[in-house]
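Notes to accompany the following structure.
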Amino acid sequence: MKLQQLRYIWEVAHHELNVSQTANALFTSQPGISKQIRLLEDELGVEIFARNGKHLSRVTPAGQAIIKLAGEVLRQTESIRQVALEFSDEAKGSLSVATTHTQARYRLPPIISTFRKRFPDVGLHMHQGTPQQIAEMAADGTVDFAIATEALEHFSDLVMLPAYQWNRCIVVPKGHPLTQLPTLTLEDISAYPIVTYVFGFTGRSKLDEAFSQQGLGVNVVFTATDADVIKTYVRLGLGVGIIAQMAFEPDRDSTDLVCLDASHLFEPSVTHIGFRRGTFMRGFMFDFIKHFAPHLTRSVVESVINRGDARAEVDHLFKGQDLPRF
């Protein structure tokens with residue numbers, strides 16, 4: 001059994017069983033991959049992939065278990081490589097982050113800028129996706145860090161640390177009737193069509209809960225994953241926008257939009273940063289976490305790693321702590 005063979009079956013499984021695409025991704029030949037997979041199956045005495053003629057059709061039950069273990073072996077191999085890099089050149093390497101558009105567009109730019117100045121020889125790679133996609137990328141080793149607010153049940157295999165809390169604002173065109181009210185209520189907002197995030201993104205569940213608890217129905221006429229898109233359609237008069245407070249940029253948006261505080265109407269949401277259990281954390285990775293969430297110092301993160309607690313227990317450790325607000 002060779003490490004290369006484990007790499008091949010792992011990659012084929014994650015390229016929708018397309019050997020040709022896998023070969024292109026690994027800069028090798030399709031026949032070479034197929035031969036090595038056959039050799040591994042012969043050695044193990046089981047089929048990892050079922051076949052329809054010359055094409056792979058599905059992963060067998062034995063193959064599912066083998067591929068899962070292969071992924072663990074490959075991740076441990078990568079950890080060994082990272083240990084060597086940390087001791088040979090602690091300021092060189094790469095860092096991959098998976099997150100949503102809102103985090104990538106509004107929260108991370110100053111963090112990335114500071115990090116780049118401190119570690120110019122560390123390559124940064126940003127991946128955007130749904131909370132489930134983000135969790136999967138972190139769990140299978142595609143990225144080092146996952147940053148998310150919603151659907152944390154998908155992140156059970158990761159160490160998820162509370163980073164900061166944030167709330168929402170109401171965005172309307174200048175002159176809108178809501179701007180004339182002394183105090184904004186949920187009932188006031190529900191009288192208008194709503195333009196906001198797709199369910200499962202950027203604290204959308206907190207928004208829906210707030211209206212539901214008041215027994216109010218809302219007419220959501222347009223949803224998007226991108227706050228810039230939401231603001232565009234508010235400008236077109238489609239409805240009242242509800243976005244993350246951090247996504248309203250006064251210098252750019254105040255020319256034709258008004259931001260109304262809504263923090264008294266909705267429970268704050270907490271954004272978490274997480275990584276796979278067993279990940280070897282390089283020095284610059286601790287540094288990135290601390291810049292993203294100053295209370296998550298290296299000693300705090302190492303303490304959580306050493307405890308090995310489930311996420312609910314980790315959250316309990318920070319209960320009552322005044323998280324940064326954005």
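The values are calculated or read from the model by the stated rules, or taken from the named source; none is laboratory data. As the structure is a prediction and not an experimental result, all values here were calculated from the model. Cβ placement follows ideal geometry from the backbone for every residue including glycine, while neighbour counts extend to all protein chains displayed. To get the accessible areas, we keep the full protein, side chains included, count just its heavy atoms, and leave off ligands, DNA and RNA. Shrake-Rupley method; radii C 1.70, N 1.55, O 1.52, S 1.80 Å.
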Can you report the number of residues in segment 197-240 which are closer than 26 Å to Thr271 by Cα and in contact with a Gly (Cβ under 7 Å, 6 or more places away or on another chain)?
4
If you take the residues in segment 1-21 that are in a loop (DSSP other than H, G, I, E, B) and in contact (Cβ under 8 Å) with a residue 40 or more places away in the chain, which one is least open to solvent (accessible area, probe 1.4 Å)?
Leu17
List the number of the failed condition for Ile80; all other conditions in (1) hydrophobic (A, V, I, L, M, F, W, C); (2) modelled with pLDDT of 90 or more; (3) assigned to a helix (DSSP H, G or I) hold.
(2)
Number of positions in segment 21-52 that are under 25 Å from Ala139 (Cα atoms) and small (Gly, Ala, Ser)
2
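Quick check: anything in segment 249-258 more than 26 Å from the chain's Cα centre (by Cα), hydroxyl-bearing (Ser, Thr, Tyr) and within 30 Å of Gln180 (Cα to Cα)?
Looking through segment 249-258, at least one residue is more than 26 Å from the chain's Cα centre (by Cα), hydroxyl-bearing (Ser, Thr, Tyr) and within 30 Å of Gln180 (Cα to Cα).
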Count - residues of segment 24-71 that are aliphatic (A, V, I, L, M), buried (at least 16 other Cβ atoms within 10 Å of the Cβ) and modelled with pLDDT under 90:
2
Go through segment 129-192 and tell me which strands (runs of 3 or more DSSP E), entirely inside it, have 2 or more residues that are under 21 Å from Arg307 (Cα atoms), in contact (Cβ under 8 Å) with a residue 24 or more places away in the chain and open to solvent by 20 Å² or more (accessible area, probe 1.4 Å).
none
Considering only residues that are of a type in the set (Gly, Ala, Ser) and under 18 Å from Phe155 (Cβ atoms), look in segment 87-133 and name the one that is nearest to the chain's Cα centre (by Cα).
Ala98
Pairs returned, first residue in segment 29-54 that is farther than 20 Å from Met1 by Cβ, second residue that is of a type outside the set (D, E, K, R) and not in a strand (DSSP E or B), beta-carbon separation under 7 angstrom, 6 or more apart or interchain, are Ser29/Ala23; Gln30/Val19; Gln30/Ser20; Gln30/Ala23; Ala50/Thr60
Within segment 221-249, which residues are closer than 11 Å to Val172 by Cβ and free of Cβ contacts under 8 Å to residues at least 60 places away in the same chain?
Gly239
Just give me the residues in segment 35-77 being β-branched (Val, Ile, Thr) and either in contact with a Phe, Trp or Tyr (Cβ under 8 Å, 6 or more places away or on another chain) or outside any helix (DSSP H, G or I) (or both), in sequence order.
Ile37, Val46, Ile48, Val59, Thr60, Ile67
